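Data first, discussion second: the structure below is written as structure tokens.
The values are calculated or read from the model by the stated rules, or taken from the named source; none is laboratory data. Not measured: the values here are computed from a predicted model. Positions of Cβ are backbone-derived with ideal geometry, glycine not excepted, and every protein chain shown enters the neighbour counts. The protein model used for the area step is the full one, side chains on, heavy atoms only, and it has no ligands, DNA or RNA in it. Shrake-Rupley method; radii C 1.70, N 1.55, O 1.52, S 1.80 Å.
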Amino acid sequence: PSRLPRPEARLIGTWAPRPPYDFGLLLRLLARYPFPVTEIVHQGALWRVLRQGEALALVQVTATGPADAPVVQATLAAAAGPIVLEALREQVADWLAVDGDRATLSSALAADERLSAALRPVAGLPLLRTPTALEALVNTVIEQHIAWRMALKAQRWLVTWHNVALSAQEHTFYAYPSPEHLAAARPEDLLPLKITRRRVQVILHLARLCAAGELAAGALRQADEAAAYARLCALPGIGHWSAAVALLRLRGAGSFIPHTDVALQAAAARYVFGRAERLPPREVVALLRPLAGQAGAAVAGLLARYVLEDYGVAPER
């Protein structure tokens, strides 16, 4: 990986997201990931490498003030290539979802006290937006029918295989592969992912589409949600679960419910109903459908609580 001397940190921007926005809770959640991928908790801050064309920007994010209503600050810690600061400010704001409206979820939950109570421990958790369609889709394909820990390990391998990184504070931060780099890979190059060859082929196909500009994150965010969902479901290897999860990660909200997700079924059963067995898919839909466009935020909250409290994974570095 490239190891550039650290420049004087440059302020990218500061934001005061609409409460509740619990940045500390986000850090605690990400610190539970046994194999950090692109969003890294290091020395009390959140770090990520973002792309601007061929250029790379290493962003450090911190927060001050009340836990549920902080002032969030982002600085440019390192760069490779020319960075347009105004454009980077927009990228960071979008990634951090500082324009998100978590209060609407609280209002939507008012009619269901059990679900509201289940989500109270993760109220205010920011739902980060994946910067690119490639990352949202490829990570989702890797996670198909595989344990979360194994999926994270595979995703971590993918970014280190790509081997493009920036360094700061004695730590290396990897960038997600570019569509062009991933599209140029051979199927055998990706065998260490330890997923099926069929899914490897799906990943390479998605990379080629993204490299050709046919799957842009902006277009999928701006399109009607149902149209974006239909577009993703038309792709080889992308079904309901994958499309719902990818859209949630891209848009930071959504009404499509990944009801076949076994972790979601377990979390809903435990936290909403106090049951040990997983909730059947139809009951997951019945529970979350009344939330309409806030259903995705509830999904993210239930899964986050499951990771924070019940997954039992100790962080590894």
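What to note about this one:
- Taken over the stretch 73-83, the criterion of being within 23 Å of residue 21 (Cα to Cα) and either free of Cβ contacts under 8 Å to residues at least 24 places away in the same chain or open to solvent by 40 Å² or more (accessible area, probe 1.4 Å) (or both) is satisfied by 73 alone.
- Residue ID - farthest from the chain's Cα centre (by Cα), chosen from residues in the stretch 99-140 that are modelled with pLDDT under 90 and outside any helix (DSSP H, G or I): 101
- Residues in the stretch 254-285 that are open to solvent by less than 50 Å² (accessible area, probe 1.4 Å) and among the acidic types (Asp, Glu): 261 alone.
- Residue in the stretch 183-201 that is free of Cβ contacts under 8 Å to residues at least 24 places away in the same chain and either in a strand (DSSP E or B) or of a type in the set (Val, Ile, Thr) (or both) present: yes
- Whether a residue is open to solvent by 30 Å² or more (accessible area, probe 1.4 Å) and either assigned to a helix (DSSP H, G or I) or touching a Gly at 6+ places or on another chain (Cβ under 9 Å) (or both) was assessed, and residue 294 passes this test.
- Once the stretch 1-30 is narrowed to residues that are out of contact with any helix residue (DSSP H, G or I) (no Cβ under 7 Å at 6 or more places or on another chain), modelled with pLDDT of 95 or more and within 19 Å of residue 58 (Cβ to Cβ), the residue that is surrounded by the most Cβ atoms within 10 Å (Cβ to Cβ) is 23.
- Looking only at residues of the stretch 203-219 that are part of a helix (DSSP H, G or I) and farther than 14 Å from residue 136 by Cβ, we find that the one that is most open to solvent (accessible area, probe 1.4 Å) is 208.
- Qualifying residues in the stretch 100-114 (those that are in contact with a helix residue (DSSP H, G or I) (Cβ under 6 Å, 6 or more places away or on another chain) and surrounded by 22 or more Cβ atoms within 10 Å (Cβ to Cβ)) - the one farthest from residue 68 (Cα to Cα): 109
- The set of residues in the stretch 33-80 that are at pLDDT below 95 and aliphatic (A, V, I, L, M) comprises 67, 69.
- Residue within the stretch 62-85 that is in a helix (DSSP H, G or I) and not aliphatic (A, V, I, L, M) present: no
- Some residue of the stretch 186-201 being open to solvent by 10 Å² or more (accessible area, probe 1.4 Å), among the charged types (D, E, K, R), over 30 Å from residue 43 (Cα atoms) and within 21 Å of the chain's Cα centre (by Cα): yes
- The condition (being of a type outside the set (Asp, Glu), in a helix (DSSP H, G or I) and open to solvent by 20 Å² or more (accessible area, probe 1.4 Å)) is satisfied by just one residue among 160, 172: 160.
- Here residue 86 meets each of (1) surrounded by fewer than 16 Cβ atoms within 10 Å (Cβ to Cβ); (2) within 21 Å of the chain's Cα centre (by Cα); (3) more than 30 Å from residue 193 (Cβ to Cβ) with one exception, condition (2).
- Matching residues, the stretch 176-224, being on the phi > 0 side of the Ramachandran plot and charged (D, E, K, R): 194
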